[in-house]
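Engineer: This is the structure I want to talk about, given as structure tokens.
What follows draws every value from the coordinates through simple rules; no lab data is involved. As the structure is a prediction and not an experimental result, all values here were calculated from the model. Cβ placement follows ideal geometry from the backbone for every residue including glycine, while neighbour counts extend to all protein chains displayed.
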Ligand SMILES: [Zn+2]
């Protein structure tokens with residue numbers, strides 16, 4: 001059973017990111033591990049994070065979503081967790097896959113405010129400082145409450161109204177800069193592009209600093225951060241296959257990203273597992289390359305069969321541009337790159353829904369003994 005639990009924790013680990021361009025929601029691990037009513041289980045369990053990841057995936061109808069988890073440092077020594085869970089959370093903390101804070105305060109709302117992400121919490125809206133964070137009330141869908149539902153939890157927006165698809169953070173103000181923490185080996189604000197554990201991070205993937213009286217501060221070390229220059233530009237892109245958002249990736253100024261059936265280039269995005277039939281034969285191992293230079297995002301065809309670009313996502317043939325090998329196109333804000341019909345790459349916010357009726361669960365490997373979902 002221990003082996004199976006480790007596999008679930010590994011699956012959850014792949015869904016953790018403090019990169020503002022890739023995370024899809026902000027969560028408080030200390031709160032989630034104590035959702036004991038979900039399974040009538042132990043007082044604390046890290047596996048409950050998997051239920052929240054699944055719930056956010058279902059809410060967004062999207063595959064392979066990632067969450068930005070904030071962890072009060074007391075969780076690292078929480079005696080209600082198993083020693084294995086404590087060890088795993090400490091590793092996530094040291095690798096910067098979760099953000100450790102000295103004291104939670106309003107850090108969840110600060111991260112959500114700076115990144116434009118929704119917050120998942122059971123704290124009622126009346127107890128949140130909505131005066132300092134007006135988006136809590138003004139933007140439906142930004143405050144999501146976990147309630148009992150299929151698979152353990154469903155997320156419901158606390159504020160009713162039309163929900164706009166998230167377009168990702170705007171890199172303005174403190175997010176326009178990189179910050180450096182003087183503490184050695186700081187996983188969040190260490191040397192840009194540094195190696196933490198076995199995780200290398202893109203320099204522009206740095207999480208937002210914590211503001212204390214207007215001073216950027218390290219959330220983990222509470223020390224004042226030094227300005228380390230402008231944040232390198234980056235653009236997030238979304239991959240949709242057969243109407244379902246499968247993954248997201250980031251193109252930075254540090255190098256191109258190749259997308260294809262099975263690209264061999266470092267950092268390539270592999271479409272293979274999602275392709276079938278004609279698409280599988282049509283899409284090349286390396287099919288398109290995205291470059292970000294001088295703030296311009298371009299797509300270059302590197303395939304055998306060519307690529308279409310649908311200008312402004314339009315189905316009209318007059319708006320379709322054909323790229324043949326080595327042709328480059330400057331990507332407009334709503335252009336959709338189509339290596340094959342049904343295989344689409346576009347900017348976030350292009351599609352209102354992720355289109356996944358039943359996103360795959362991170363809990364697939366969970367032993368039934370460790371996680372008894374309370375039937376409702
Ligand atoms: Zn630090």
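Engineer: Hey, what angle do you get for helix 47-60 against the long axis of the chain, alpha-carbon based, 0 to 90 degrees rounded to 10?
Structural biologist: 40 degrees
Engineer: While we're on this one: Taking the Cβ of each residue in 338, 139, 183 as the centre, tally the other Cβ atoms inside 10 Å and list the residues starting with the fewest.
Structural biologist: If I rank by nearby Cβ atoms, fewest first, I get 183, 139, 338.
Engineer: Related question: Taking the Cα atoms of the chain, what is the range of coordinates along each of the three principal axes, in descending order and whole Å?
Structural biologist: The principal-axis extents, from largest down, are 59, 49, 42 Å.
Engineer: Can you give the Rg/Rh ratio of segment 245-356, where Rg is from the C-alpha atoms and Rh is the Kirkwood radius?
Structural biologist: On the way: Rg = 13.1 Å, Rh = 14.1 Å.
Rounded to two decimals, Rg/Rh equals 0.93.
Engineer: What's the exposure ranking of 261, 311, going from fewest to most Cβ atoms within 10 Å? If you can, show how the numbers build up before the last one.
Structural biologist: Working: 261 23, 311 15.
The fewest-first ordering by Cβ neighbours comes to 311, 261.
Engineer: What is the angle, in °, between the Cα long axis of helix 83-94 and the longest principal axis of the Cα atoms in the chain? Nearest 10 is fine, range 0 to 90.
Structural biologist: 50 degrees
Engineer: I would also like to ask the following. Calculate for the chain the 222 nm mean residue ellipticity that helices alone would give, adding -39,500 (n - 2.57) per DSSP H run of length 4 or more and normalising by residue count, nearest 500 deg cm²/dmol. Mind dumping the intermediate values first?
Structural biologist: Working: 7 runs with 61 residues, N = 376.
For the chain, the value works out to -4500 deg cm²/dmol.
Engineer: In Å, what Rg and Dmax follow from the Cα atoms of segment 235-308?
Structural biologist: In Å, with Rg to one decimal and Dmax whole: 12.0, 38.
Engineer: Above 26 angstrom, tally the Cα pairs of segment 86-203 and express them as a % of all pairs, no decimals.
Structural biologist: Values: 2404 of 6903 pairs.
I get 35 percent for the Cα pairs in segment 86-203 exceeding 26 Å.
Engineer: With axes computed from alpha carbons, what is the tilt in degrees of helix 2-13 against the longest principal axis of the chain, rounded to the nearest 10 within 0 to 90?
Structural biologist: 60 degrees
Engineer: First measure r as the distance between the Cβ atoms of residue 76 and residue 322, then evaluate 1/(1 + (r/R0)^6) with R0 = 56 Å and state the FRET efficiency to the nearest 0.05.
Structural biologist: Values: r = 54 Å, r/R0 = 0.97.
That gives a FRET efficiency of 0.55.
Engineer: Which distance in nm do the two modelled labels at residue 296 and residue 223 give, with both placed 7 Å along the Cα-to-Cβ direction?
Structural biologist: 4.2 nm
Engineer: Using a Förster radius of 56 Å, what is the FRET efficiency between residue 40 and residue 266 based on their Cβ-Cβ separation? Nearest 0.05, please. Write down the numbers at each step before the final one.
Structural biologist: Details: r = 46 Å, r/R0 = 0.82.
Efficiency for this residue pair is about 0.75.
Engineer: Fewest Cβ neighbours within 10 Å first, please rank 94, 326 accordingly. Before the final figure, lay out each step's value.
Structural biologist: Working: 94 16, 326 9.
Taking fewest neighbouring Cβ atoms as first place, the list is 326, 94.
Engineer: Right, here's the next one. Rounded to the nearest 0.05, what FRET efficiency do residue 183 and residue 254 give with R0 = 25 Å and r taken as the Cβ-Cβ distance? Could you check? Mind dumping the intermediate values first?
Structural biologist: Details: r = 25 Å, r/R0 = 0.98.
Here the calculated transfer efficiency is 0.55.
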